[in-house]
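Trainee: One structure follows; several queries about it will come next.
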Amino acid sequence: MKIVYTDALIVGGGLAGLRTAIATKDKGLETIVLSMVPVKRSHSAAAQGGMQASLGNTVMSQGDNEDVHFADTVKGSDWGCDQDVARMFVNTAPKAIRELAGWGVPWSRIGRGDREVIINSKKETITESNESHGLINSRDFGGTKKWRTCYTSDATGHTMLYAVANEALKRGVVIHDKKEAISIIHEDGKCWGVVVRDLKNGDLIAYVARGTMMATGGYGRIYKQSTNAIICKGIGVAIALETGIAQLGNMEAVQFHPTPIVPSGILLTEGCRGDGGILRDKDGYRFMPDYEPEKKELASRDVVSRRMIEHIRAGKGVDSPYGEHLWLDISILGREHIEKNLRDVQDISKTFNGIDPADEGKKGWMPVLPMQHYSMGGIRTNAKGESPTMKGLFCAGEAACWDLHGFNRLGGNSVSEAVVSGMIVGEYFANYCKETHLATHTLTIKRFLQEQSDYLDEILAYDGEYNIFDIKDEMRNIMQEDVGIFRNGEGLKEAVEVLETLLKRTKQISVGSKIRGNNPELNESYRVPKMIKLALCAAKGALERTESRGAHYREDYTKRDDANWLKRTITSWKNPEDTLPTVSYEEIDIKGMELAPAFRGYGRKGSLIENPLSGERAKEIEEIKKKLKGCDRFELQDALMPYKLPLNFKEKNERVGVGYE
Amino acid sequence: MNRQHHQDEIIEGREITLTIFRYDPNNKESKPHYQDYKIAETPGMTLYIALINILTRIDHDLSFDFVCRAGICGSCAMVVNGKPRLACKTLTSEFTDGKITLLPLPTFQHIKDLSIDTGTWMNAMSVKVESWIHSKEQVDISKLEKPIEPEVADEVFELDRCIECGICLASCSTRVMREDFLGAVGLVRTARFAIDPHDERTDDDFYELIGDDDGIFGCMSLLGCEDHCPKDLPLQTKIAYMRRKMVEVK
Ligand SMILES: Cc1cc2nc3c(=O)[nH]c(=O)nc-3n(C[C@H](O)[C@H](O)[C@H](O)COP(=O)(O)OP(=O)(O)OC[C@H]3O[C@@H](n4cnc5c(N)ncnc54)[C@H](O)[C@@H]3O)c2cc1C
Ligand code: SF4
Ligand code: FES
């Protein structure tokens, strides 16, 4: 039996995992990063549109700062996020992007003078100042007050990931790829590493460390249609659930992006609409202004996706062999802009659909339909990124419910979160690893290895009538149909029942090839039960949540119900034999909020059931503001909701024209 | 075994044949061989869709490497009818006779069937050319970032677009003979840093890294790399640019 020891173990080599590795390595800790694929191929590489950070460099983002970014994020989350975490995040994001600039990310820069842009489908000229020449540019994105999304054309995730991965290599971080964590090693409620299956040859290896960080990304592939890479199966999150000790948060909070291309589901970035692209129906009519007069195509993603489906239901969808869809028109931006700033979009559309979106008129319109895109839910952590129920288990990035995004995350906030949490949580994690001494027994480690070895043999010995690929398809179909953009009690109840049956069925399969080595069918046979468990957490959480909030929309409970539902859903898997998760709730403290719950400013009006505490808190906030009249915004913020950050992350951020104000 | 399949209701076209290299070096019973698979082509079918189809419906033991399935991550390079390409970006309709032969990408360690190990080599390459910014300046991340001319940032971005797919290596005769040759991917990486204003390395520094036959002087300018690079990077001009610089150092 193979056992590898290290100080800090990081499972996942996307932006979150690699930035964490830099934090631990810089503290002198021996660090290993595990990844299912070569780290530079992690899903972070696919992020296109950009990273939010309130630099306020361009004239279109003048007046932007942490406060504006904070308010956008909280509203975007439909008040579901942890406001402490949101504050920690917005103050660190400008630092993260500046660190990345120093590491060579070729952020698109501002040129002084006039520049033509498309705003509300009209050409306008904006003039950039001398002072901002050469500073990092930003584009408009959904649900934001300012142009805050910084970018490198539409390959932002790629350039960020390469810079961070190379910095990790520079520091001598050890990277082991084609390795999949399949269970968590723990003893007395503390986490001591993971059991890994080598995807090259099937070997089982125990990686043992003082602290373990899960940075394994999202679980979008539990849906039939998703923009996510095919490795986004949520196995990291699932093995945390399977400990019975660590818990998951808000698994029903699943984001659907308005504009993946039909039928492949490959994403066309929000940058398309941010830069001025518009949505059209079967008559070529631009319908979004009718639904959302103010933000139009740039309301938050949950709102735009729902409006699109509403419009299709009203008979305005375009028929196709793959079902109905709508059109995304970016031809109005002009060929030059597209070939410079939306290059991958053009490449994707040309390659997979034979459409050049720069072609004028209808010819260039791209077929789009909302599909699963982002997992707001994940391993529940505290603000330091540690599981509140399992010591030594940390989590960051999309895999975590740290809870920056609540029930809807804003575009551009996710690659930003991945890096920022790698910095903040990475620091707390590094401290934990420094202070902790390995206190587990070889016997324990061997027991966990043996369990997995027995489990794999058990799977190979199954002699049932089903096939794992069919079960997976059925799971993905039911999630698509019943736990999608529009949900209702009846459908969700059915989904839970079907998923429970499917979970039981995963033991009634048989696997063709009996080898323990490189065996794709065996891979699926241990992954699918884990995926179904996550699907069950999402479906059950959605069934019990009898309100609509952010991306979770119930046709039978259309209002956001702050009186009863300002709480986080917590799911756990108490016993390995269970076939359903256990659901409980964690209250969100209204009285501690900096921004009291209210209407978001977009989406359906008058659909809010207020909590009496919200009004009380709003009054308190007003009073504090009155009392502190004349104080600067930092003092005010501190009086409303004091928060902590490690290292120098709490320092003020400099901005062009205003300095540190 | 029960195989009840849910065929999606889409129009099916002609039958195509994929001839795929099969071999598992870790399994003593496995011998290298080709296997034919016949499937119904669907509109817009890519090799990704075709291979997933085979895996889920015909042969549950076929190994290959896809991640993004969108031509972005560089995972799925393989040899398609003699040419190294990204499988996820290859449409089956291109092949008019409906016959497609697939081999794993050469020059990397073979794992099984169409699956290869690119991570080990690419990470070693990144370390060898020190694929990161070298600067003595301590960046204060609370202060304004260093201004960069917009055109310069765009030029760096242009070379930063490499996805480490390895296709340039598989199309390079030097690399086939010389295992340690850095290839276009490694040489262009040095050009990327050489033009980045954040990087303070001099030509002498770069000479230390690539001034030999495993580096810049190994390239015979056969252009195979540029012809096949899926990101259309200007490989030849940038390799020539580095060569001119390195010749001057001598
Ligand atoms: C198409 C697309 C475009 C996007 N565009 C944007 C954008 O423009 N802006 C934005 O802010 N966000 C965007 N996002 C979201 C954003 O890219 C992700 O949320 C973010 O990159 C996640 O980073 P991460 O480090 O948490 O996870 P990932 O980058 O997904 O990395 C996960 C890592 O974990 C590893 N892993 C997973 N499971 C295991 C296991 N069991 N064992 C070992 N390793 C494992 C994987 O190999 C990988 O290395 C986009 C997402 C998609 C799908
Ligand atoms: S240079 Fe082109 S062919 Fe070579 S690895 Fe990079 S993207 Fe692939
Ligand atoms: S799977 Fe990512 S490039 Fe083909």
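Trainee: Which numbered condition trips up B:L103, out of (1) over 30 Å from A:V656 (Cβ atoms); (2) buried (at least 16 other Cβ atoms within 10 Å of the Cβ); (3) within 14 Å of chain A (Cβ to nearest Cβ)?
Mentor: Only one criterion is unmet by B:L103, namely (3).
Trainee: Tell me yes or no: at least one residue of the stretch A:522-529 is crowded, with 22+ Cβ neighbours inside 10 Å, in a loop (DSSP other than H, G, I, E, B) and polar (S, T, N, Q).
Mentor: No, the conditions are met nowhere in the stretch A:522-529.
Trainee: Could I ask something else about it? Check B:D180, B:D227 and return the single one that is modelled with pLDDT under 95, outside the structural domain of B:L103 (by TED's automatic domain parsing), within 16 Å of B:V127 (Cα to Cα) and surrounded by fewer than 17 Cβ atoms within 10 Å (Cβ to Cβ). Please lay out each step first, then the result.
Mentor: Working: B:D227 fails: within 16 Å of B:V127 (Cα to Cα).
Of the residues listed, the single one that is modelled with pLDDT under 95, outside the structural domain of B:L103 (by TED's automatic domain parsing), within 16 Å of B:V127 (Cα to Cα) and surrounded by fewer than 17 Cβ atoms within 10 Å (Cβ to Cβ) is B:D180.
Trainee: Restricting to the stretch A:1-50, count the residues that are touching a Gly at 6+ places or on another chain (Cβ under 8 Å) and among the β-branched types (V, I, T).
Mentor: 8
Trainee: Output the residue which, of all residues in the stretch B:49-79 that are farther than 24 Å from A:Y466 by Cα and more than 9 Å from every other protein chain (Cβ to nearest Cβ), is nearest to ligand 1 (Cβ to nearest atom).
Mentor: For the stretch B:49-79, the residue satisfying everything is B:C76.
Trainee: Being of a type in the set (V, I, T) and farther than 21 Å from A:V345 by Cβ narrows it down to one residue among A:I332, A:I312; which is it?
Mentor: Testing whether each residue is of a type in the set (V, I, T) and farther than 21 Å from A:V345 by Cβ leaves just A:I312.
Trainee: Oh, and also: Go through the stretch A:164-215 and count every residue that is away from chain B (no Cβ under 14 Å), under 19 Å from A:G17 (Cα atoms) and assigned to a loop (DSSP other than H, G, I, E, B).
Mentor: Selection size over the stretch A:164-215: 1.
Trainee: Just the residues that are within 13 Å of ligand 1 (Cβ to nearest atom) and within 17 Å of A:A21 (Cβ to Cβ), please, taken from the stretch A:374-393.
Mentor: A:G385, the sole residue that qualifies.
Trainee: If you don't mind, another one. Would you call A:G603 surrounded by 14 or more Cβ atoms within 10 Å (Cβ to Cβ) and at pLDDT below 95?
Mentor: When the stated conditions are applied, A:G603 passes them.
Trainee: Related question: Can you name the residue in the stretch A:113-152 that is within 20 Å of the chain's Cα centre (by Cα) and among the aromatic types (F, W, Y) and, of all such residues, is farthest from A:P258 (Cα to Cα)?
Mentor: A:Y151
Trainee: While we're here: I'd like to check something: does the stretch B:181-195 contain any residue that is within 14 Å of chain A (Cβ to nearest Cβ), more than 30 Å from A:L342 (Cα to Cα) and without any contact (Cβ under 8 Å) to a residue 40 or more places away in the chain?
Mentor: Checked the stretch B:181-195: no residue is within 14 Å of chain A (Cβ to nearest Cβ), more than 30 Å from A:L342 (Cα to Cα) and without any contact (Cβ under 8 Å) to a residue 40 or more places away in the chain.
Trainee: So B:T90 passes all but one of these: (1) of a type in the set (S, T, N, Q); (2) at pLDDT 95 or above; (3) more than 16 Å from ligand 2 (Cβ to nearest atom). Which condition number does it fail?
Mentor: Going through the list (1) of a type in the set (S, T, N, Q); (2) at pLDDT 95 or above; (3) more than 16 Å from ligand 2 (Cβ to nearest atom), B:T90 breaks only (3).
Trainee: In this structure, is A:T501 under 26 Å from the mean Cα position of the chain (by Cα) and away from every other protein chain (no Cβ under 14 Å)?
Mentor: No: the conditions fail for A:T501.
Trainee: When you scan the stretch B:129-150, do you find a residue that is of a type in the set (G, A, S) and part of a helix (DSSP H, G or I), even just one?
Mentor: Checked against the condition, which is being of a type in the set (G, A, S) and part of a helix (DSSP H, G or I), the stretch B:129-150 yields no hits at all.
Trainee: I would also like to ask the following. Go over the candidates B:D154, B:D227, B:D204, B:D196 one by one and state the one that is over 26 Å from A:L100 (Cβ atoms), of a type outside the set (S, T, Y), away from ligand 1 (no atom under 16 Å from the Cβ) and within 25 Å of the chain's Cα centre (by Cα).
Mentor: Just one listed residue meets the conditions, B:D227.
Trainee: Next question, about the same structure. Can you work out which of the residues in the stretch A:93-129 that are free of Cβ contacts under 8 Å to residues at least 12 places away in the same chain and farther than 28 Å from A:A418 by Cβ is nearest to the other protein chains (Cβ to nearest Cβ)?
Mentor: Top of the filtered list is A:E116.
Trainee: So, one more: Please work out which one of (1) in a loop (DSSP other than H, G, I, E, B); (2) within 9 Å of chain A (Cβ to nearest Cβ); (3) closer than 30 Å to A:T269 by Cα is the condition B:T42 fails and give its number.
Mentor: The single condition B:T42 does not satisfy is (2).
Trainee: Where the second residue is of a type outside the set (A, V, I, L, M, F, W, C) and within 16 Å of ligand 1 (Cβ to nearest atom) and the first is closer than 17 Å to B:C162 by Cα and at the interface with chain A (Cβ under 10 Å from one of its Cβ atoms) and lies in the stretch B:80-95, which pairs have Cβ atoms under 7 Å and are six or more apart or on separate chains?
Mentor: Filtered contacts from the stretch B:80-95: B:L86/B:G71; B:C88/B:Y48; B:C88/B:R69; B:C88/B:G71; B:K89/A:T351; B:K89/B:G71.
Trainee: Shifting gears a bit: Could you figure out which of (1) closer than 20 Å to A:D463 by Cβ; (2) crowded, with 19+ Cβ neighbours inside 10 Å isn't true of A:V498?
Mentor: (1)
Trainee: If you check A:S226, A:S132, which single one turns out to be within 14 Å of another protein chain (Cβ to nearest Cβ), touching a strand residue (DSSP E or B) at 6+ places or on another chain (Cβ under 9 Å) and closer than 30 Å to A:H337 by Cβ?
Mentor: On the way: A:S132 fails: touching a strand residue (DSSP E or B) at 6+ places or on another chain (Cβ under 9 Å).
Only one candidate qualifies: A:S226.
Trainee: Mind counting the residues in the stretch B:50-79 that are within 16 Å of ligand 2 (Cβ to nearest atom) and surrounded by fewer than 19 Cβ atoms within 10 Å (Cβ to Cβ)?
Mentor: Qualifying residue count for the region: 0.
Quick grid of which residues meet (1) modelled with pLDDT under 95; (2) of a type in the set (F, W, Y); (3) under 24 Å from A:K605 (Cβ atoms); (4) more than 26 Å from the chain's Cα centre (by Cα):
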residue	(1), (2), (3), (4)
A:G284	no, no, no, yes
A:G317	no, no, no, yes
A:H337	yes, no, no, yes
A:N341	yes, no, no, no
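Trainee: Moving on. Just the residues that are part of a helix (DSSP H, G or I) and closer than 23 Å to B:V152 by Cβ, please, taken from the stretch B:163-195.
Mentor: Hits for the stretch B:163-195 are B:A184, B:V185, B:G186, B:L187, B:V188, B:R189, B:T190, B:A191, B:R192, B:F193, B:A194.
Trainee: Restricting the search to the stretch A:31-89, which residues are of a type in the set (V, I, T) and within 14 Å of chain B (Cβ to nearest Cβ)?
Mentor: A:I32, A:V33, A:V37, A:V39, A:T58
Trainee: Take the residues of the stretch A:274-299 that are of a type in the set (D, E) and assigned to a helix (DSSP H, G or I): which is surrounded by the fewest Cβ atoms within 10 Å (Cβ to Cβ)? Even if it seems obvious, please write down each step before you answer.
Mentor: Step one: list which residues in the stretch A:274-299 are of a type in the set (D, E), which gives A:275, A:281, A:283, A:290, A:292, A:294, A:297.
Subset that is assigned to a helix (DSSP H, G or I): A:290, A:297.
On the way: A:D290: 11, A:E297: 26.
If we take residues in the stretch A:274-299 being of a type in the set (D, E) and assigned to a helix (DSSP H, G or I), then A:D290 is surrounded by the fewest Cβ atoms within 10 Å (Cβ to Cβ).
Trainee: Tally up the residues in the stretch A:460-474 that are part of a helix (DSSP H, G or I) and touching a Lys or Arg at 6+ places or on another chain (Cβ under 6 Å), please.
Mentor: 2
Trainee: Right, something else. Give A:I338, A:I266 a once-over and let me know the one that is within 14 Å of chain B (Cβ to nearest Cβ), closer than 25 Å to A:M51 by Cα and among the hydrophobic types (A, V, I, L, M, F, W, C).
Mentor: Result of the check over A:I338, A:I266: A:I266.
The values are calculated or read from the model by the stated rules, or taken from the named source; none is laboratory data. The structure presented is a predicted model; accordingly, all values stated were derived computationally and were not measured. So basically every Cβ, Gly included, is an ideal-geometry build from the backbone, and we count neighbours across all protein chains shown.
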